[in-house]
Each structure stands twice: as C-alpha cells, then as structure tokens.
Amino acid sequence: AELYLNGEWLSPDKAFVSVFDRAFMFGDGIYEVTPFYCGKPFRLQDHCDRLKYCLQQIKIPFDCAILEHLMMQALSRSGLANSDAAVYIQISRGKAPRTHYYPEHAEPTVLLYAFPVVLENFHEKRWKVLVSEDFRWQRCDIKSTALLANTMSNEEAIAGGFDENLLVHDGHFTEGSHSTAFFVMNNTVYTHPEGPHILSGITRKVVLEICRDLGISYEERPVNIEELDRVEEVFLTGTTTQITIVESLHSKEKQIFTAQKGEITKRLQEEFLRRTRE
Ligand code: PLP
C-alpha cells in the first residue's frame, strides 16, 4: 500500500517528515477519516466540510479541492477501489523553527492513506465500556491530532479489559474517547448537543437523520450520570465504530449499567447498514 505525502506517493517505509514539523512538536494539525463503502464515498461532503471548518479554526491555509481526487487515488493504489475502506487525511501546519505562535511561512504537511474497514456483524459486537473523567480541552469540536487525553483514557480502558470509554464532564456524559455516545430512555434517543465539548460526528448526524426518517423521537441534550437507572440502551457511533451496542458500563469499582433492551439500537443499525449499501 502506498501513501500520499506532500505531493508524492511513497511506500510507508520511505515516508518521512521533519522533526521540526509542528505536528511532531505541538500536535499542531488536524485529521479526518472518510469512509468508502464498496468504493463509494459515504457522506463525503460532510467530512470535507468538517475538515474545512477545522482548518479555519486553527488557521491552516490549505485548499481542500484536491482531496477528493487524492482519496480516490489512495484507495486504488491500496487495492481498495471496490472495498469497504476509509481514508485517513492529516494536515499539519508544517515545518518551522519552534515557536508557540504560528509561523508566517510554513507549508502544510499533507498525509493520506487508505485502510480496509469491516462493516461489522452488528449483532455480535457488544462493548464493555469504562466510564471515566473527561479531562480533554475545551475545543473538542476541532478534530486535532493532539489526542493525548483521548489516548490516555483509552489506554486505561483497554488495559482494564474494556472496549472503549464513556467520558463524564460535570456530571454528564459527553462522548467516547473516539466515538459519539447515544442513550435511549423511554423510547427517546438522547445525545450530547454539538459544541466545544464534543466532536460533531458525521455518524451522529446520520443517526439523527435516521431517527427523523423512522419517526423515532430524539433530543440533543446531555444525559446526567444520575439518569443512568432510567437508561435502557446505550450505543456508540463513529466512522470505524459505526453503531456499536454497549452491553455494560463500569466505574472503576463496579458495573453501573447493564443493557436491558436493544430494539431501537437494532432498528438504527439495520437502517444504517442499508444506507451504507445504497
Ligand atoms: N468523537 C470523537 C472524539 C471521535 O474521535 C470520533 C471519531 O471517530 C467521533 C466522535 C465520531 O465521529 P465520526 O462519526 O465523524 O467518525
């Protein structure tokens, strides 16, 4: 498989960036993961819009127009042109002498590569999830490569035998370490509203569209940890997570939620699968 780096297609062992690249020194870059089902882009415009938003927010000057072509090339160069796959895109501010403020003349570093994605057998995948403190920064809407808080949290979960985290900020659930969180109470679907405390997930947007189309009621508001005893279903979503059922939630001491139902999650999964296959 080849990857794209700054205008060249290279094998991974020949692709290098400077130690003065600001992504290496500061995590000063953003990324995107765009899915392609059977080789066809899924929600490409939404992914490109989010990428542009993030570039604007951190003032990296970069024209996204070439990206669609590069994504298709990344897929075909990796033999994934007709497969279920995703393309990772990373754009950093580029190489410059180390200063905290943005350098004037840096050329963005652009990296792309394709990797296979399995459209999961949804009904067999059920996650055990660790509830942990959300100690990330106040701009989680920016899909930054600076993910230390996310990796620290997820390492704790995986080392403890869990599959993902559910993060808690000020007594309510925000999202996972790399996924969006949804809750079902009394036949209504709840998810945290968009804003600086979560990433605006594209899969989140698709799930809310499906709710609307299937006539499932939903509300974008944070779910409090005290409401857990009323929660019947929990699921996590993301480009690679798709829609994954949460079987149980755990604090460090004990299990605090056990899935009781799964009807609504199953309906959403089935419709999601249908839309990815359209
Ligand atoms: N929240 C976080 C923190 C993420 O890293 C991700 C990425 O997968 C998501 C949510 C889900 O976003 P999307 O559905 O666009 O993949």
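Odds and ends about this structure:
- Subset of the stretch 184-206 (residues that are without any contact (Cβ under 8 Å) to a residue 40 or more places away in the chain and within 15 Å of the ligand (Cβ to nearest atom)): THR191, HIS192, PRO193, GLY201, ARG204
- Which listed residue, of LEU10, LEU5, is free of Cβ contacts under 8 Å to residues at least 12 places away in the same chain, away from the ligand (no atom under 16 Å from the Cβ) and farther than 28 Å from ARG204 by Cβ: LEU10
- Hits in the stretch 18-36 (condition: within 16 Å of the ligand (Cβ to nearest atom), outside any strand (DSSP E or B) and touching a strand residue (DSSP E or B) at 6+ places or on another chain (Cβ under 6 Å)): none
- A residue that is at pLDDT 95 or above, over 22 Å from MET25 (Cα atoms) and assigned by TED's automatic domain parsing to the domain that holds ARG230 occurs nowhere in the stretch 144-152.
- Within the stretch 255-268, residues that are assigned to a helix (DSSP H, G or I) reach partners that are crowded, with 16+ Cβ neighbours inside 10 Å and of a type in the set (D, E, K, R) with beta carbons closer than 9 Å, at six or more positions or on different chains, in the pairs GLU263/GLU232; GLU263/GLU233; ILE264/GLU232; ILE264/GLU233; THR265/GLU233.
- For the stretch 164-183, a tally of residues being touching a helix residue (DSSP H, G or I) at 6+ places or on another chain (Cβ under 7 Å) and assigned to a loop (DSSP other than H, G, I, E, B) returns 3.
- Scope the stretch 96-125; condition closer than 17 Å to TYR31 by Cα and not polar (S, T, N, Q); matching residues: GLU107, PRO108, VAL110, LEU111, LEU112, TYR113, ALA114, PHE115
- Candidate set: the stretch 163-172, residues that are touching a Ser or Thr at 6+ places or on another chain (Cβ under 9 Å) and of a type outside the set (Val, Ile, Thr); chosen: the one surrounded by the fewest Cβ atoms within 10 Å (Cβ to Cβ): ASP163
- The number of residues in the stretch 68-101 being within 16 Å of the ligand (Cβ to nearest atom) and part of a helix (DSSP H, G or I) comes to 1.
- Any hit, the stretch 211-224, residues being assigned to a helix (DSSP H, G or I), buried (at least 16 other Cβ atoms within 10 Å of the Cβ) and within 16 Å of the ligand (Cβ to nearest atom): yes
- In this structure, ILE256 qualifies as away from the ligand (no atom under 15 Å from the Cβ), of a type in the set (Val, Ile, Thr) and assigned by TED's automatic domain parsing to the domain that holds ASP141.
- Restricting attention to the stretch 230-253 and to residues that are over 14 Å from PHE173 (Cβ atoms) and of a type in the set (Gly, Ala, Ser), the residue that is nearest to the ligand (Cβ to nearest atom) turns out to be GLY238.
- Every pair of residues 6+ apart whose Cβ atoms lie under 7 Å, when the first sits in the stretch 124-147 and is touching a residue at least 12 places away in the same chain (Cβ under 8 Å) and among the polar types (S, T, N, Q) while the second is surrounded by fewer than 21 Cβ atoms within 10 Å (Cβ to Cβ) and in a loop (DSSP other than H, G, I, E, B): GLN138/PRO196; SER144/GLY27; THR145/GLY27
- Apart from one condition, ALA114 fits all of (1) closer than 25 Å to PRO196 by Cα; (2) in contact with a strand residue (DSSP E or B) (Cβ under 7 Å, 6 or more places away or on another chain); the exception is (1).
- The lone criterion from (1) within 16 Å of the ligand (Cβ to nearest atom); (2) not in a loop (DSSP other than H, G, I, E, B) left unmet by GLU227 is number (1).
The values are calculated or read from the model by the stated rules, or taken from the named source; none is laboratory data. Everything numeric in this text was worked out from a predicted model, so none of it was measured. We place every Cβ from the backbone using ideal geometry, glycine too, and count neighbours over all the protein chains shown.
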